[in-house]
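The values are calculated or read from the model by the stated rules, or taken from the named source; none is laboratory data. Predicted model, so just to flag it, every value in this text is computed and none were measured. Methodologically, a virtual Cβ is constructed for each residue, glycine included, from the backbone with ideal geometry; neighbour enumeration extends over all protein chains shown.
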Amino acid sequence: MKFFDLHCDTIGECCAQGQSLYRNHLHLDLCRGEDFSAWTQCFAVWIPDTLRGRQALGYFQKVYQTYLTECEINKSRLTLCRAKEDFLQAESAGTCAAVLTVEGGAVLAGDLANIPYLASCGVRMLTLTWNGTCELGDGAMTAHPQGLTAFGKQAVPLLEQHGIAVDISHGSEPLFYNAAAIAKKPLVASHSNAKAVCGHPRNLTNEQIQIIAQSGGLIGLNFHPPFLKETGAAEVDDVVAHAEHMLSLGACSALAIGSDFDGADLPRGIRGIESIHAVFERFLQLGYSETLLNRIFYENAQNFFVSL
């Protein structure tokens, strides 16, 4: 099967723990991903809410060096993807297509000049906030969110101009609607679920899901149990429930996977990337067509990034 994952925190954990990207004890490594006939992986550099200004940018640069080192060490197994041709080359060669992203707009250190810098590093997607408040605006866990700041409103069109997708996962509702009003290109929620199924503040309302879908964007199903189910142990069928709800809202072309590997706990039945085949099979058992699942697990996200 083919697999596209919109979000994992693995490269940050490799940096912090001194782990190899090829083989490790984390949720994801290249060795376990070799079973896919094609695999595109977004590697996010997560910026903690404790870091702001130059410290946030410096942390990105530290993890970025780990990313470059691992890409070089594993260049026979991994293709660093910045342009359309890179994605096509990776798919043809059967290597992991590596996409660099950043989780947290604090990486900009309040300076718009860092947007072209990130683009020069190959960053293809930026999550505007993490849970708290940064220079761009307020995250989903902020007590009284005000949405995008004046700086954030300047940043969104500049990100688009530099080919960096605007990711509203972790964003507060006011921030989401500010971004949606400004954005000229499709929005992404790289790792967010449906609030109607599980009422966590990190999840998306029905209206938000429809706005993203209608924009031509993407929504990545997140495996973190608190985002899947409000009470009791979460399992693979809860992932299916969120997919079913989003599909009922017309998100067939928007739905994707945003596992949150190495940035979250996992539900019963998912140990790491080696479990993706079983998740795919469970959808099949519940009556989903292979054609639709190929779109959710690969084609929707692949088509989006190839044309970004």
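Okay, here's what the table says:
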{"read-out": "Pair list, Cβ under 7 Å, 6 or more apart: the range 121-137 residue farther than 18 Å from PRO157 by Cβ and at pLDDT 95 or above, other residue of a type in the set (D, E, K, R) and part of a strand (DSSP E or B)", "value": "TRP130/GLU103"}
{"read-out": "Enumeration of residues in the range 260-308 that are surrounded by fewer than 16 Cβ atoms within 10 Å (Cβ to Cβ), part of a helix (DSSP H, G or I) and hydroxyl-bearing (Ser, Thr, Tyr)", "value": "THR291"}
{"read-out": "Boolean, PRO174 is surrounded by fewer than 23 Cβ atoms within 10 Å (Cβ to Cβ), within 27 Å of ASP35 (Cβ to Cβ) and either modelled with pLDDT of 95 or more or in contact with a Pro (Cβ under 9 Å, 6 or more places away or on another chain) (or both)", "value": "no"}
{"read-out": "Condition met for LEU292 (in contact (Cβ under 8 Å) with a residue 40 or more places away in the chain and not β-branched (Val, Ile, Thr))", "value": "yes"}
{"read-out": "Within the range 7-23, considering residues that are free of Cβ contacts under 8 Å to residues at least 12 places away in the same chain and on the phi < 0 side of the Ramachandran plot, the one surrounded by the most Cβ atoms within 10 Å (Cβ to Cβ)", "value": "GLN19"}
{"read-out": "The one condition in (1) surrounded by fewer than 22 Cβ atoms within 10 Å (Cβ to Cβ); (2) more than 15 Å from ILE11 (Cα to Cα) that ILE73 fails to fulfil", "value": "(2)"}
{"read-out": "Subset of the range 38-50 (residues that are of a type outside the set (Ser, Thr, Tyr) and surrounded by fewer than 19 Cβ atoms within 10 Å (Cβ to Cβ))", "value": "PRO48, ASP49"}
{"read-out": "Every residue from the range 96-119 that is touching a His at 6+ places or on another chain (Cβ under 9 Å) and not in a strand (DSSP E or B)", "value": "GLY104, ILE115, PRO116, LEU118, ALA119"}
